[in-house]
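Worksheet: one structure, shown below.
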Amino acid sequence: MTFEGVLRALVFGCTGYLVLLYGVHFSLMALGHVESRRRRRERSVDDPDTLATSRFAPGVSIIVPAYNESGGLPDAVRSLLALEYPEFEVIVVNDGSTDETLDVLVGALELVAVDATSRDVVPARPVEGYYRSVDPRLLVVDKVNGGKADALNAGLNHCRYRYVCGVDADMAFAPTALTRAMREISGDPEHIVGLTSYFENARDPARALEQGLQRVGPDTRPLFAFQTFDYLRAFFNNRTPWARMNFMLCAAGAFQLWRRDVVEELGGWSAEFTCEDIELTFRVHRTLRERGRAYRIAALPDCVGVTEGPDNVKNLVSQRERWQRVILETCWANRRMWFNPRYGTVGLLGVPYYVLSEILAPVFEVVAVGTLLAGGVGGLIDWREFAVLTLLVTFANSALTTGALLNLDLEARAYRASGVARLLGLMPLEMVVYRPIMAWARLKGTWRFLRGDRAWHKFERNVKAGAA
Amino acid sequence: MTAASLVLVCAIACGSWLLLAAAIPITRLRARRRLPTGRAEVTGGWVLPASSGEHAGRRPVDETDARALLERGLRSDEREVRVAAVTALSGLAADHEWALDGLVEALASELETPERVATELDRLAPRPGRRLAPLVGHPSEIVRFYVARLLGRYPELARRHVAALTADPSPHVRAAALETLRAAGSADTLRRALDMLSDTQPFVRAQASRTAVAIAGVGAASFVAPLLADESWWVREAAREALVGVGSDVATVVAPLVDAGDPALRRGAALVLQDVGAVDALMDGGEAGALERIMDAGGGRLRRAAAERACGRREPDGTRMWLEQVS
């Protein structure tokens with residue numbers, strides 16, 4: 001085969017991959033719209049805030065694992081304690097922070113040292129101390145460092161309610177977060193064993209929530225806007241249809257609500273993986289399907305809060321390469337589920353989707369860039385065709401993002417018209433500015449996975465303790 | 001592929017994006033223009049949803065139609081229809097007895113999630129009370145459980161009807177009955193709660209300890225205190241919380257237990273004494289021997305916590321001395 005023939009074959013391969021990938025994305029987006037429409041119809045006849053004052057609201061234990069989170073943690077805890085829900089507790093687990101996290105928390109929330117007891121239902125590193133505040137719903141557990149999964153397990157050992165909700169320490173929560181989430185669960189408590197939800201992204205979550213997202217609009221600085229696009233697509237184009245087809249692949253760690261008995265039955269979160277959220281979601285699917293149990297993991301379209309997005313490219317790459325690594329780790333660890341009818345839609349649709357969109361993507365990205373360079377050097381590229389193809393992918397990607405934004409708008413009218421216009425204006429830039437960064441992050445994540453790197457590579461927080 | 005066809009495909013993609021983008025302001029405008037939605041409301045006559053037409057999204061229906069429609073809705077296979085029926089019945093029940101009956105029927109026949117129906121019935125208190133009482137003998141334990149809890153709003157009815165449920169074969173119902181009777185506390189309830197401290201099910205023992213202490217206060221403490229060494233964490237915690245709820249008076253009952261033979265009981269007692277402030281009081285100037293016995297019973301973490309609290313309350317020199325003592 002000639003050099004030109006090889007290049008042509010590679011171009012066809014990459015184009016075929018793109019067509020297949022976008023075909024799947026557009027199909028999921030269409031299904032997401034159908035599902036969102038059904039939900040809006042259902043919600044139009046329901047009062048979602050009924051649970052806020054109900055004596056029958058199922059209790060929720062919120063676990064906040066924290067490692068070196070002195071900046072935003074007190075605000076996150078305050079926003080949790082202000083949730084409009086009748087029955088919940090907040091368990092903050094200080095996972096052996098090396099900074100002043102515990103001191104800041106003790107000072108900000110007027111905590112006092114006490115002793116308490118643990119149920120010890122799942123293994124976790126030793127507890128060194130407990131702190132309580134005048135608010136009896138708050139318990140702070142100070143333990144030896146063991147990673148996020150271990151901290152969640154330590155929290156689980158102190159939970160007393162039927163549901164557990166693992167959240168990120170850098171998030172600020174909307175007062176209605178639990179009411180809306182539990183209302184969704186109360187519609188089918190027998191089958192819904194887990195739930196994840198949509199959340200926004202901002203540089204300073206507490207400030208964004210305090211000022212009101214609708215009033216200030218989305219953060220339209222390009223790096224944050226592009227992350228917002230990612231979150232929108234991930235929720236409205238992915239999680240919503242995944243939930244509909246019952247193959248939710250990731251109950252996001254920033255807000256993951258589970259039935260406690262299920263998490264305990266599975267032995268808690270696994271500390272063997274880089275991230276704990278995708279792994280637990282896969283394990284729930286695998287175990288419950290192997291045991292022949294009927295269950296669902298739901299997706300809630302309401303915005304439950306605001307998470308802190310990286311405010312520079314270095315931190316963004318660090319975060320996204322970790323996400324790529326954990327997808328690879330989880331998919332590899334669960335490889336017996338791949339295309340396996342025993343695991344229903346998870347095996348036949350879910351895992352193949354991850355293989356197509358996440359695992360193969362870096363491979364094709366490298367091949368595409370290599371082909372482009374080789375073609376450019378060999379003078380075999382028709383640059384007009386290349387430009388038109390780039391435009392085509394740019395518009396297709398913008399259409400996907402706009403579809404997700406439309407769904408959010410129909411759900412919540414989350415932004416002012418000016419904010420929506422600014423986001424729409426930035427969409428075409430995503431392909432040329434943001435996607436190359438993501439491609440690099442995914443490549444880096446894949447390389448680190450192949451090297452067996454399991455480190456968290458935590459990035460520096462935007463909000464520092466002094467500024468909080 | 002020719003350049004022209006590529007441009008065409010590109011134009012289609014661009015058009016799709018622009019169309020979706022245009023849909024955002026269009027749907028906003030439509031929502032603004034849309035007349036009130038078809039949520040069931042009573043405005044002089046019956047008003048139920050209609051899809052469209054000259055009635056601007058609503059059409060009046062008579063009461064018989066409305067009842068039949070909502071009854072059908074409650075039995076629907078579609079969840080959103082059942083939810084709509086429950087919400088509509090709840091809205092109508094404020095003024096209409098048949099709607100209230102419909103909700104009670106929905107609970108009794110478990111047509112929709114009982115928790116959801118119970119929430120609506122609870123909001124309508126005190127009107128559903130007498131309709132709920134007959135359901136204490138319902139064959140379904142789920143219905144009995146919710147009825148036992150719903151009757152918590154009606155002390156008189158609870159005393160009359162829920163007491164029998166403390167002997168229910170279902171432990172969930174027994175626990176719910178105890179919780180309800182706690183508010184309507186009586187000597188009979190106390191007697192039942194004390195009997196149930198030895199129930200086979202941990203969550204019944206937990207509720208029994210809360211109920212006993214809630215009714216009799218420190219008088220029940222000596223009966224509940226042994227549960228600080230219960231095999232179940234839930235019962236130990238419930239007993240501890242119940243005893244702590246009594247306040248510092250409970251110290252006289254619990255203090256001797258720090259010398260008990262059972263280490264779990266000693267530790268439970270030490271935790272109660274910590275939580276009622278007895279440890280801090282002793283640190284501020286009490287009998288050193290008593291303090292040391294509590295520390296020994298509680299263990300290293302209780303001792304460290306006490307030292308840390310002392311650091312916050314004492315002058316630096318005093319703190320240093322205290323830390324030297326405890327370490």
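Quick note: the coordinates plus some simple rules give every number you see, no bench work behind them. Predicted model only: the values in this text are computed from it and were never measured. Positions of Cβ are generated from backbone atoms using ideal geometry, with glycine treated the same way; all protein chains shown enter the neighbour counts.
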Open item on the list: At 1.002 mPa s and 20 °C, plugging the Kirkwood radius over alpha-carbon pairs of segment B:80-126 into Stokes-Einstein gives what diffusion coefficient in µm²/s?
Closed with: 211 µm²/s
Task: Derived scalar couplings ³J(HN,Hα) [segment A:324-341; Karplus, 6.51 cos²θ - 1.76 cosθ + 1.60; whole Hz; x for Gly, Pro] - done: 4, 4, 6, 4, 5, 4, 5, 4, 5, 5, 9, 5, 5, 7, 4, 6, 9, x
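Return the average number of partner chain Cβ atoms within 10 angstrom of each residue Cβ along peptide A:115-121.
Working: counts 15, 8, 9, 1, 5, 1, 1.
Neighbouring Cβ atoms belonging to other protein chains average 6 per residue here.
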Task: Listed peptides B:13-26, A:135-148, B:266-279, A:370-383 by packing density, highest first (mean Cβ within 10 Å) - done: B:266-279, A:135-148, B:13-26, A:370-383
Open item on the list: Considering the Cα positions of segment A:254-331, please state its Rg to one decimal place and its Dmax as a whole number of Å.
Closed with: 14.8, 46
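Averaged across the residues of B:80-91, what count of C-beta atoms belonging to other chains lies within 10 Å of each residue's C-beta? Display every interim value, and only then the final one.
Values: counts 9, 3, 2, 6, 5, 1, 2, 5, 1, 0, 2, 1.
Other-chain Cβ atoms within 10 Å of each residue's Cβ, averaged: 3.
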Task: Residues with amide H under 5 Å from that of A:G71, placed H, sequence gap 5 or more - done: A:A465
Task: Equivalent ellipsoid semi-axes - Cα gyration tensor, chain B, angstrom - done: 57, 35, 17
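Given C-alpha coordinates of segment A:170-328, what is the ratio Rg to Rh with the Kirkwood estimate of Rh? Write out the running numbers ahead of the final one.
Values: Rg = 16.1 Å, Rh = 16.5 Å.
Rounded to two decimals, Rg over Rh is 0.97.
So for segment A:127-221, what percent of the C-alpha to C-alpha distances run longer than 19 Å? Kindly include the intermediate steps, with their values, before the conclusion.
Details: 2617 of 4465 pairs.
For segment A:127-221, the share of Cα pairs beyond 19 Å comes to 59 percent.
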- [ ] Taking the Cα centre of segment B:74-183 as origin, work out the dipole magnitude from +1 charges on Lys and Arg Cβ and -1 charges on Asp and Glu Cβ, in debye rounded to 20.
- [x] 500 debye
Open item on the list: So if the hydrodynamic radius of segment B:102-226 is defined as the Kirkwood radius over C-alpha pairs, what does Stokes-Einstein give as its diffusion coefficient at 25 °C and 0.890 mPa s, in µm² per second?
Closed with: 169 µm²/s
- [ ] Would you compute, from DSSP H runs of 4+ residues alone, the mean residue ellipticity of the protein assembly as shown at 222 nm, taking -39500 (n - 2.57) per run and dividing by the full residue count, rounded to the nearest 500?
- [x] -17500 deg cm²/dmol
- [ ] Please report, in Å, the Rg and the Dmax of the protein assembly as shown, where both are computed over Cα atoms only.
- [x] 29.8, 97
Open item on the list: Report for chain A the percent antiparallel among DSSP-assigned beta bridges with both residues inside it, nearest 5.
Closed with: 40 percent
Open item on the list: Can you give me the long-range amide H partners of A:L138? Hydrogens built in the peptide plane at 1.01 Å from N, cutoff under 5 Å, separation of 5 or more residues or another chain.
Closed with: A:V90, A:S133
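Given an 8 Å cut-off on Cα distances and at least 6 residues of separation, report the relative contact order of segment A:23-346 as a percent. Can you show the working numbers first?
On the way: 622 pairs, mean separation 68.2, N = 324.
Relative contact order here is 21 percent.
Give the average, rounded to an integer, of partner chain Cβ atoms located within 10 angstrom of each Cβ in B:17-29. Before the final figure, lay out the partial values.
Numbers: counts 13, 5, 2, 11, 13, 3, 6, 13, 4, 1, 4, 5, 0.
The shielding value for this peptide is 6.
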TODO: Quickly rank A:154-164, B:294-304 as a protection proxy: mean count of other C-beta atoms within 10 Å, highest first.
DONE: A:154-164, B:294-304
Task: Alpha-carbon gyration tensor eigenvalues x 5, square-rooted, for segment A:23-346, Å - done: 28, 23, 21
Open item on the list: Which of the three applies to segment B:230-294, rounded, prolate or oblate, going by the alpha-carbon gyration tensor with a ≥ b ≥ c and a/c under 1.5 meaning rounded?
Closed with: oblate
TODO: Step through the residues of segment B:88-98 one at a time and calculate ³J(HN,Hα) from phi using the Karplus curve (6.51 cos²θ - 1.76 cosθ + 1.60, θ = phi - 60°), rounding each to whole Hz and writing x for Gly and Pro.
DONE: 5, 4, 5, x, 7, 5, 4, 10, 10, 4, 5
Open item on the list: Please give the charge dipole size of chain A, origin at the Cα centre, charges +1 on K and R Cβ atoms and -1 on D and E Cβ atoms. Round to the nearest 20 debye.
Closed with: 1280 debye
Task: Built amide H within the under 5 Å cut-off of A:I63, gap 5+ - done: A:I91, A:C165, A:G166, A:V167
TODO: Calculate one ³J(HN,Hα) per residue across segment A:147-164 by plugging θ = phi - 60° into the Karplus curve 6.51 cos²θ - 1.76 cosθ + 1.60, and present them in order as whole Hz with x for glycine and proline.
DONE: x, 5, 4, 5, 5, 5, 5, 4, x, 4, 5, 10, 6, 10, 10, 6, 10, 10
TODO: Mind giving me the nanometre distance, one decimal, between the label points for B:A94 and A:V369, set 7 Å out from Cα along Cα→Cβ?
DONE: 6.3 nm
Open item on the list: Which residue fluctuates most in the GNM of chain B (Cα springs below 10 Å): B:A175, B:A85, B:A290?
Closed with: B:A290
